[in-house]
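The values are calculated or read from the model by the stated rules, or taken from the named source; none is laboratory data. These numbers come from a predicted model, not from an experiment. Don't worry about glycine lacking a Cβ; one is built from the backbone with ideal geometry, like all the others, and counts go over all protein chains shown.
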Amino acid sequence: MRVANHGMQALALLFFASTASAQFTLFSQNALHLGWGRDSYYTNKNTYLTTSVINKTTPNFDVGIIQEVMNGNELDTLYPQSPPGTYMVISTVFQGASTYREAYSFLVRNPTSSNTCCTLTKSTGNASITLYGGGGFSRPPSGIVVSNNGTETWVINYHAVFGNISSRRTEVANMALAIPVFQGVNVGSSPGHKVTRYIVGGDWNFPADDSVFTTIRSKLTATVLVQPTALTSLKRNGDMSSAYDHFLWDTATGVTATSPAVVQPPGGKSRKDFRDMFSDHLGISISVN
């Protein structure tokens, strides 16, 4: 296991070297009840997140999106908010209709100079984060507009419902309705402008070859891509299980996304250690141009 992880670490180094000139690197993580309860598990998750998964002192991604955040305000205390190069945290209010309620959180690296990621373009209503309000979702997707060197892109965070497969497939297909709503939001100074570029990340609870993504393409355009396609979720013993975590984007909007990858446990940890200490999903990353 550790030999394999060292190999993946080498691949990760190559990934970061190859994307040094990218507009921004994007990371997505289902965090499995981040901020739920104050016990040793809670403390370990916070430490693991801030020192390994999304390092708060030496940022390893430009933009991070996190699902299953049970206390969004907590992230504000875990990450420094203003120094250049560190992360700004933006979270939604709690989502979901039951006692199981989670927030969507975004971590955006503060720019270190005029030509480095990232700044945010607020809506004309001065909101940093936009929550889809069209219905049809257990946890409506949310998005921010990331700007770098004048190029703006919607980064949308989504965690699909689980439960009944048919209902789940119906909800995921509704992303074909949600994405155009984000594209129609006026951002910037009044009267504002619209941003058509987008990339959606998160836990879709379906593999990339499921028919639901064919449905999304048929309702949007045939140029929609879904990657990575590899297994991401973990069994209790650390074995890989389902391929549920993906980025979805449309090349027709001008987005070129390269080097999609499943991010292996940092620091030489085994997948079982990662499962025990942090999450039942590995993160995913991609370079967005």
- Determine whether L107 is among the hydrophobic types (A, V, I, L, M, F, W, C), closer than 19 Å to F61 by Cβ and touching a Ser or Thr at 6+ places or on another chain (Cβ under 6 Å). no
- One residue from V161, V93, V108 being crowded, with 18+ Cβ neighbours inside 10 Å and either closer than 17 Å to L32 by Cβ or hydrophobic (A, V, I, L, M, F, W, C) (or both): V108
- V224 vs. criteria buried (at least 21 other Cβ atoms within 10 Å of the Cβ), more than 22 Å from I66 (Cα to Cα) and in contact (Cβ under 8 Å) with a residue 60 or more places away in the chain: no
- Query: Regarding V145, is this residue surrounded by fewer than 23 Cβ atoms within 10 Å (Cβ to Cβ) and either of a type in the set (V, I, T) or under 20 Å from V108 (Cβ atoms) (or both)?
  - Reply: no
- Message: So, S190, is that one over 21 Å from I65 (Cα atoms), part of a loop (DSSP other than H, G, I, E, B) and more than 16 Å from the chain's Cα centre (by Cα) or not?
- Response: yes
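Table: residues versus (1) modelled with pLDDT of 95 or more; (2) small (G, A, S); (3) more than 21 Å from D76 (Cα to Cα).
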| residue | (1), (2), (3) |
| --- | --- |
| P111 | no, no, no |
| Y132 | yes, no, yes |
| G135 | no, yes, yes |
| T153 | yes, no, yes |
| I156 | yes, no, no |
| F162 | no, no, yes |
| S166 | yes, yes, yes |
| T170 | yes, no, yes |
| N174 | yes, no, yes |
- Message: Checking T51 against (1) exposed (fewer than 15 other Cβ atoms within 10 Å of the Cβ); (2) touching a Ser or Thr at 6+ places or on another chain (Cβ under 6 Å); (3) of a type in the set (V, I, T), only one condition comes out false. Which one?
- Response: (2)
- Inspect all residues belonging to region 62-76 and state whether any of them is in contact (Cβ under 8 Å) with a residue 60 or more places away in the chain, surrounded by 18 or more Cβ atoms within 10 Å (Cβ to Cβ) and more than 23 Å from W204 (Cα to Cα). no
- Item | Test for D245: is it at pLDDT 95 or above, touching a Lys or Arg at 6+ places or on another chain (Cβ under 9 Å) and acidic (D, E) | no
- Would region 80-102 turn up any residue that is assigned to a helix (DSSP H, G or I), at pLDDT 85 or above and under 20 Å from the mean Cα position of the chain (by Cα)? no
- With criteria (1) surrounded by 18 or more Cβ atoms within 10 Å (Cβ to Cβ); (2) of a type outside the set (K, R); (3) closer than 13 Å to Q67 by Cβ, Y100 comes up short on (1)
- Task: Hey, can you tell me all the residues within region 51-79 that are among the acidic types (D, E) and over 21 Å from V263 (Cα atoms)?
- Result: E74, D76
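Conditions tested, residue by residue: (1) more than 25 Å from G125 (Cβ to Cβ); (2) touching a residue at least 60 places away in the same chain (Cβ under 8 Å); (3) touching a Lys or Arg at 6+ places or on another chain (Cβ under 8 Å).
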{"site": "E152", "(1), (2), (3)": "no, no, yes"}
{"site": "G163", "(1), (2), (3)": "yes, no, no"}
{"site": "F182", "(1), (2), (3)": "no, no, no"}
{"site": "K194", "(1), (2), (3)": "no, no, no"}
{"site": "Y198", "(1), (2), (3)": "no, no, no"}
{"site": "G201", "(1), (2), (3)": "no, yes, no"}
- Message: If I filter region 159-169 for residues that are charged (D, E, K, R), within 20 Å of S28 (Cβ to Cβ) and touching a His at 6+ places or on another chain (Cβ under 6 Å), do I get at least one hit?
- Response: no
- Query: Out of (1) over 11 Å from T232 (Cα atoms); (2) of a type in the set (S, T, N, Q); (3) within 16 Å of the chain's Cα centre (by Cα); (4) surrounded by fewer than 21 Cβ atoms within 10 Å (Cβ to Cβ), what's the single condition that is false for Q264?
  - Reply: (1)
